[in-house]
Each structure stands twice: as structure tokens, then as C-alpha cells.
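Q: Below is the structure I would like to discuss, written out as C-alpha cells.
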Amino acid sequence: MSSRIMKGAVASLIAIAMAGCTTTGIGTGQAVGQNLGAQFTWTENGGTRGMMTAQLSDGTVYQGPFFQITSEGRMDYDPLWNGWGGGFGWGHGWGGHRFGFGWGGWGPWGPYDDTFTQYSGQVLANLQGPQGFMRCHFSLMRPTGGMASGGLGQCQLPSGTIINAQFPPHPSSW
């Protein structure tokens, strides 16, 4: 299989997987010291980003994107294996994927590089409405669960009014 066809197949599988990771939910909010409430609805794709709508009790609607701040890291175990030879069964299978019993009796965790995503649990939203933008900051209860894990936060209206918000966790996110 050519490299270009393989890359296309992998991209298609990733798109299908991300489409399967769409979740939706609701939240509520109350302005500090005012009789102004908010109802939030959100749709999240892939666990780190999505769209949110906030409808205020006075009928004003704000909507826009949100995302969880993440960072990528790299693990490099190569220095741990200096001086060790390859073990029984270790090989490079199809497309460079490793298989076998590992290095010299050390099991299947021989030397390789890996990347990981660190979820901060901090979600930012920038919602546009008729008078400008509502900016929001939420802290998630369980960062790897995304918005479905629930959280608390605040939003600031263009007028400066602060709305305290809460998002209940989905039972399926536990």
C-alpha cells in the first residue's frame, strides 16, 4: 500500500473516531448580585473543543467556540537502554510497528519514543452576542473527561457583569 493511500486511510479513521466522540450537555449560571440567569448548552468534539450557546434570562443569546487548554509532550526512553542488545522476538513489523516479546527479558516496553497529551482542565470560551463578546473560563472536575465531566467557572458580559456558571457531570463520564 502506498504511503499516500495509507495516510488517507489513517486520516479517515481519525475523522470517524472524532465524529463518534461528540457529546452534548447543559449548564446554568447566575449573575452576581443581580436577577439575571443563564442557560448554557454545549457540543464537544474530540474531548477538547466545541461550540457553546448561553441564553440569558433577559433573552440575549451568546454563542461561539470553547476549548480546553492542552499541551503535548514527548517521552524518550532511549537513554535507559544504552548497552542492552535486542531481545528475543523484537522486530519491526509492517509499517515500522513493533511486535515481539521485548528487549532481553524486559517485556514489551523496550526503547521507543511516545507522545502524550496533558489536559489542563481549564476551558476557555469566547461567545459572541448582540452587544459584544461574553468571555468565559471554566475548571473541569476531571480534565480527561472534557465538559462531560462537569465543572465550575465564570463568564463576563460586555457590561462587566459576572455570571457564575456550573456544569453537572454526565453519569456516563465517570
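Since every read-out is calculated from the coordinates, none of them should be taken as a lab result. A quick note: this is a predicted structure, and the numbers were derived from the prediction, not measured.
Q: Determine the gain in length on full extension of the stretch Ser139-Ile162; use 0.36 nm per residue of separation and subtract their C-alpha separation, reporting nm with one decimal.
A: Numbers: separation 23, 0.36 × 23 = 8.28 nm, distance 1.59 nm.
Additional length available on full extension: 6.7 nm.
Q: Restricting to Cα pairs below 8 Å that are 6+ residues apart, what does the relative contact order work out to for region 112-173? Please round to a whole percent.
A: Values: 111 pairs, mean separation 15.3, N = 62.
In percent, rounded to a whole number, it is 25.
Q: Another one. For a quick check: with amide H placed at 1.01 Å from N, whose amide H comes under 5 Å from Phe66's, ignoring anything fewer than 5 positions away on the same chain?
A: Gly50, Met51, Met52
Q: Step through the residues of region 38-52 one at a time and calculate ³J(HN,Hα) from phi using the Karplus curve (6.51 cos²θ - 1.76 cosθ + 1.60, θ = phi - 60°), rounding each to whole Hz and writing x for Gly and Pro.
A: 9, 10, 9, 10, 9, 10, 10, 10, x, x, 10, 7, x, 10, 9
Q: Let me ask you something else. Taking H placed 1.01 Å from N in the peptide plane, check which residues at least 5 places from Gly150 or on another chain put their amide H under 5 Å from its amide H.
A: Met141, His170
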